[in-house]
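Only one structure is covered here, and it is reproduced in the block below.
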Amino acid sequence: MGRQPDINESALDAVDGSSSRHASATDSGADRAPTIWRSYHTRIAVLWNAANPYPANVFTQTKLAAEKLGIEVQSLRITSPNDLDGALEDALRQNAAALIAVEDPLTYDNRQRIVTFAVKSRLPAISGVREFADAGGLLAYGANLADLARRAAGYVDKILKGTKPSDLPIEQPTKFDFVINLKTAKSLGLSISPALLARADEVIE
């Protein structure tokens with residue numbers, strides 16, 4: 001399926017779907033920005049775990065990509081479940097038009113709590129793991145976790161058979177899930193283009 005686009009592109013292109021699914025957000029100019037995001041979604045909130053380097057990097061890249069599209073990014077910095085309520089309420093206070101939950105163990109374990117808040121507050125919620133869409137988020141695009149687990153087991157098997165970890169190549173994910181929750185989209189009054197629906201691996205109705 002090719003390389004995974006940055007999560008920021010998945011978020012910014014979610015509703016309109018005008019950019020290529022496999023294009024990098026850094027390659028798409030403002031002229032390719034989805035109409036709905038350019039004209040309406042002027043502020044998005046990004047929920048990220050500051051105690052984990054990966055979400056911190058994703059937040060930085062998302063902010064850079066959004067700035068190119070003239071979209072303001074609100075940082076919802078958390079380090080524990082106790083921070084969630086305050087961070088999410090802050091998104092509403094600052095009139096965020098959508099919510100990106102950067103995937104990591106903290107946000108994953110609290111996905112139902114995050115999605116429930118988003119749906120109640122009529123915030124389109126986007127993340128990089130399909131379970132967010134299963135829980136009621138608008139969409140998810142990210143590496144298939146089952147495939148990653150299977151490939152990790154292969155690494156363990158090779159190590160147990162004597163292969164040095166340093167001799168094993170670093171592999172990038174090759175299988176991704178693109179899931180759209182059409183039921184959530186309808187409840188939010190959002191129209192998903194047929195072209196984007198056709199590109200989805202699964203549509204939840």
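The values are calculated or read from the model by the stated rules, or taken from the named source; none is laboratory data. The structure presented is a predicted model; accordingly, all values stated were derived computationally and were not measured. Counting neighbours? That spans all protein chains shown, and the Cβs are built from the backbone with ideal geometry, glycine included.
Assorted remarks:
- A count restricted to the stretch 40-51 and to residues that are of a type outside the set (D, E, K, R) and within 26 Å of residue 191 (Cα to Cα) stands at 7.
- Looking at the stretch 52-118, none of the helices (runs of 4 or more DSSP H) lying wholly inside it contains 1 or more residues that are β-branched (Val, Ile, Thr), closer than 23 Å to residue 189 by Cβ and without any contact (Cβ under 8 Å) to a residue 60 or more places away in the chain.
- Set side by side, the residues 182, 188, 168 differ, and just one is modelled with pLDDT of 65 or more, over 23 Å from residue 58 (Cβ atoms) and in contact with an Asp or Glu (Cβ under 6 Å, 6 or more places away or on another chain), which is 182.
- The stretch 78-105, subset over 14 Å from the mean Cα position of the chain (by Cα) and among the hydrophobic types (A, V, I, L, M, F, W, C), residue surrounded by the fewest Cβ atoms within 10 Å (Cβ to Cβ): 92
- Among the residues of the stretch 122-135, the ones that are within 12 Å of residue 184 (Cα to Cα) and surrounded by fewer than 20 Cβ atoms within 10 Å (Cβ to Cβ) come to 2 in all.
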